[in-house]
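**Student:** Below you'll find the structure I mean.
The values are calculated or read from the model by the stated rules, or taken from the named source; none is laboratory data. This one's a predicted model, so the numbers in the text were calculated from it and none came from an experiment. With ideal geometry, Cβ positions are generated from the backbone for all residues, glycine too; neighbour counts draw on all protein chains shown.
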Amino acid sequence: MAELPKINIMTAGHVDAGKSTLIGRLLFDSGAIREDQMRKLKELAKELKKETFEFAFLMDRLKEERERGVTIDIMHTPFESKKYYYTVIDAPGHRDFVKNMITGASQADAAILVVSAKPGEGIQEQTREHTFLLKVLGINQLLVAINKMDAANYDEKRYNELVADVKKLLQSVGYKVDTMPFVPVSAYVGDNVVHKSDKMPWYKGPTLVDAMDSTIQPPEQPIDKPLRIPIQDAYSITGVGTVPVGRVETGVLKVNDKVIFMPSGAVGEVKTIEMFHKQQPEARPGDNIGFNVRGIGKNDAKRGDVCGHVNNPPTVAKEFTAQIIVLNHPTVITVGYTPVFHLGTASVACRIEEIIAKIDPKTGAVVQEHPDFIKTGDAARVRVIPTKPMVVEKQSDIPQLARFAIRDMGQTVAAGIVLDVVPAKK
């Protein structure tokens with residue numbers, strides 16, 4: 001496998017806009033999935049009376065396999081274009097969307113916003129919500145797929161109408177739309193996803209994959225930053241020892257490195273590094289690895305911990321200041337509210353100690369100092385105290401460990417980024 005640059009891309013958009021079908025089509029048409037696998041899914045879709053769902057099943061079937069499988073292998077589905085090695089994160093409906101997006105095995109480098117052209121669909125509530133979220137979470141590379149063109153009779157007028165609407169929405173959040181691709185596709189039929197369609201002679205632009213290749217830049221590899229590996233899980237393997245599993249976010253891990261796990265403080269030495277069942281001398285940002293560490297016990301490294309080098313350990317926060325956006329809260333958020341913060345692979349209840357200011361999400365300007373409460377749609381700066389030790393880094397140092405989601409009552413109520421951290425005393 002020639003080393004193409006790796007890109008993590010996710011889909012966003014309303015629940016029925018056809019995100020999974022689009023990904024299924026991308027994988028199938030780019031040759032990542034075989035004909036016979038597709039045929040089986042088509043039969044399954046028929047049996048379940050969901051005739052147009054075979055591509056979506058592709059992702060959902062993999063999801064099931066993923067949940068049963070071991071997490072060392074990458075959780076998402078890769079496909080190659082001429083230029084990049086893409087890993088697609090299929091983000092299901094709203095609730096898991098944020099959780100996957102922030103605590104999932106991967107941070108997205110770019111996103112495809114999927115909007116349905118079907119009459120009566122277009123921009124919907126989640127389209128707005130996801131757009132906001134992408135911006136707050138710092139995903140700046142965006143493409144728009146105007147999907148279900150087949151359901152709109154491949155009508156150019158409908159396409160233009162939606163492009164104008166979506167541009168307005170994106171600009172309102174602060175995206176620059178002048179060079180952004182808006183590709184009319186039918187994921188189900190296969191128009192303009194990988195193969196050029198002859199049904200829309202009025203559209204002169206690239207297919208979705210060509211647009212991805214031409215607009216997305218691979219992320220900078222943050223190898224000069226301190227090592228940070230959020231741990232997804234740790235296995236105790238007889239005859240081998242403790243094997244933590246996680247994705248390298250920043251820095252480089254090498255065999256024989258001395259590492260520390262925070263907040264536990266356990267220290268050990270790296271004996272082997274494994275990726276896709278092959279031993280590697282080192283691991284770099286974006287690599288999903290299992291690594292055997294000598295000198296630590298089974299309970300010294302667990303989900304939610306972060307591994308770093310001994311000379312630059314991950315920061316355990318006594319408190320931190322964050323900028324959040326309230327996405328979906330049934331009432332209001334006031335001082336003393338203690339929901340669960342999901343950051344990296346950790347989920348820890350944290351108390352909102354102070355609402356410093358309400359801010360304009362587009363400009364960052366202060367709208368109101370010390371408001372009594374904030375509600376859905378508001379952006380604010382808050383001071384937060386974790387109820388138990390957790391690793392938190394600032395956006396300006398290690399952005400990969402500064403994004404979080406706030407969940408309560410089974411849903412994501414807010415999302416944000418960490419601006420400043422007061423480290424816990426050693």
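**Student:** Return yes or no: is G246 in contact with a Ser or Thr (Cβ under 9 Å, 6 or more places away or on another chain) and not hydroxyl-bearing (S, T, Y)? Explain how you work it out, then say what you get.
**Tutor:** Values: in contact with a Ser or Thr (Cβ under 9 Å, 6 or more places away or on another chain): yes; not hydroxyl-bearing (S, T, Y): yes.
Criteria met by G246.
**Student:** Kindly indicate which of Q368, Q395 is part of a strand (DSSP E or B) and either in contact with a Lys or Arg (Cβ under 6 Å, 6 or more places away or on another chain) or more than 20 Å from D305 (Cβ to Cβ) (or both). Walk me through how you get there before you give the answer.
**Tutor:** On the way: Q395 fails: part of a strand (DSSP E or B).
Just one listed residue meets the conditions, Q368.
Quick grid of which residues meet (1) among the small types (G, A, S); (2) surrounded by fewer than 23 Cβ atoms within 10 Å (Cβ to Cβ); (3) touching a residue at least 40 places away in the same chain (Cβ under 8 Å):
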| residue | (1), (2), (3) |
| --- | --- |
| A108 | yes, no, yes |
| I112 | no, no, yes |
| A117 | yes, no, yes |
| Q124 | no, yes, yes |
| L134 | no, no, yes |
| L143 | no, yes, yes |
| N147 | no, no, yes |
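**Student:** Return a yes/no flag: does the stretch 242-249 have any residue that is in the same structural domain as V392 (by TED's automatic domain parsing), within 22 Å of G138 (Cα to Cα) and of a type in the set (V, I, T).
**Tutor:** Taking the stretch 242-249 first, the residues in the same structural domain as V392 (by TED's automatic domain parsing) are none.
Within the stretch 242-249, not a single residue is in the same structural domain as V392 (by TED's automatic domain parsing), within 22 Å of G138 (Cα to Cα) and of a type in the set (V, I, T).
**Student:** With respect to T412, is the statement that it is part of a loop (DSSP other than H, G, I, E, B) and either charged (D, E, K, R) or in contact (Cβ under 8 Å) with a residue 40 or more places away in the chain (or both) true?
**Tutor:** no
**Student:** Spot the failing condition for T179; the list is (1) part of a loop (DSSP other than H, G, I, E, B); (2) at pLDDT below 85, and only one is missed.
**Tutor:** (2)
**Student:** Quick one: in the stretch 398-409, of everything that is part of a strand (DSSP E or B) and farther than 23 Å from F261 by Cα, which residue is modelled with the lowest pLDDT?
**Tutor:** So the residue we want is R407.
**Student:** Now a separate question. Can you find a residue that is closer than 17 Å to A405 by Cα, in a loop (DSSP other than H, G, I, E, B) and either in the same structural domain as F404 (by TED's automatic domain parsing) or among the polar types (S, T, N, Q) (or both) anywhere in the stretch 351-358?
**Tutor:** no
**Student:** Residues that are without any contact (Cβ under 8 Å) to a residue 60 or more places away in the chain: list the strands (runs of 3 or more DSSP E) wholly contained in the stretch 246-317 that include at least 1 such residues. Please lay out each step first, then the result.
**Tutor:** Details: elements: 258-262, 266-275, 278-280, 288-294, 306-309.
Result: 258-262, 266-275, 278-280, 288-294.
**Student:** Sticking with this structure for a sec: Hey, among A322, A357, A346, which residue is surrounded by 16 or more Cβ atoms within 10 Å (Cβ to Cβ), within 19 Å of G138 (Cα to Cα) and touching a residue at least 24 places away in the same chain (Cβ under 8 Å)? Spell out how you get there, then give the answer.
**Tutor:** On the way: A357 fails: within 19 Å of G138 (Cα to Cα); A346 fails: within 19 Å of G138 (Cα to Cα).
Sole residue among the options that is surrounded by 16 or more Cβ atoms within 10 Å (Cβ to Cβ), within 19 Å of G138 (Cα to Cα) and touching a residue at least 24 places away in the same chain (Cβ under 8 Å): A322.
**Student:** So, G344, is that one within 17 Å of the chain's Cα centre (by Cα) and under 26 Å from K302 (Cβ atoms) or not? Spell out how you get there, then give the answer.
**Tutor:** Values: within 17 Å of the chain's Cα centre (by Cα): yes; under 26 Å from K302 (Cβ atoms): yes.
So G344 passes the test.
**Student:** If you don't mind, another one. Which number in (1) touching a helix residue (DSSP H, G or I) at 6+ places or on another chain (Cβ under 7 Å); (2) hydrophobic (A, V, I, L, M, F, W, C); (3) modelled with pLDDT under 80 marks the one condition that L143 misses?
**Tutor:** (3)
**Student:** Same structure again: Applying the selection to the stretch 187-229, what residues are of a type in the set (S, T, N, Q), under 15 Å from I112 (Cα atoms) and either more than 20 Å from the chain's Cα centre (by Cα) or surrounded by 18 or more Cβ atoms within 10 Å (Cβ to Cβ) (or both)?
**Tutor:** Narrowing the stretch 187-229 to residues of a type in the set (S, T, N, Q): 192, 197, 207, 214-215, 217, 221.
Filter again for under 15 Å from I112 (Cα atoms), leaving 192, 207, 214-215, 217.
Scanning the stretch 187-229 gives N192, T207, S214.
**Student:** Let me ask something else. Please pick out the residue among K278, K271 that is under 28 Å from the mean Cα position of the chain (by Cα), surrounded by fewer than 20 Cβ atoms within 10 Å (Cβ to Cβ) and not assigned by TED's automatic domain parsing to the domain that holds Y86. Can you show your working first?
**Tutor:** On the way: K271 fails: under 28 Å from the mean Cα position of the chain (by Cα).
Unique residue meeting the criteria: K278.
**Student:** In addition: Could you give every pair whose Cβ atoms fall below 7 Å, whose first residue belongs to the stretch 152-175 and is assigned to a helix (DSSP H, G or I), and whose second residue is exposed (fewer than 14 other Cβ atoms within 10 Å of the Cβ), counting only separations of at least 6 or pairs across chains?
**Tutor:** Short answer, once both residue conditions are applied: A152/P119; E156/W202; V173/K362.
**Student:** Could you look through the stretch 371-383, keep only residues that are surrounded by fewer than 23 Cβ atoms within 10 Å (Cβ to Cβ) and either at positive phi or assigned to a strand (DSSP E or B) (or both), and pick out the one that is modelled with the highest pLDDT?
**Tutor:** R383
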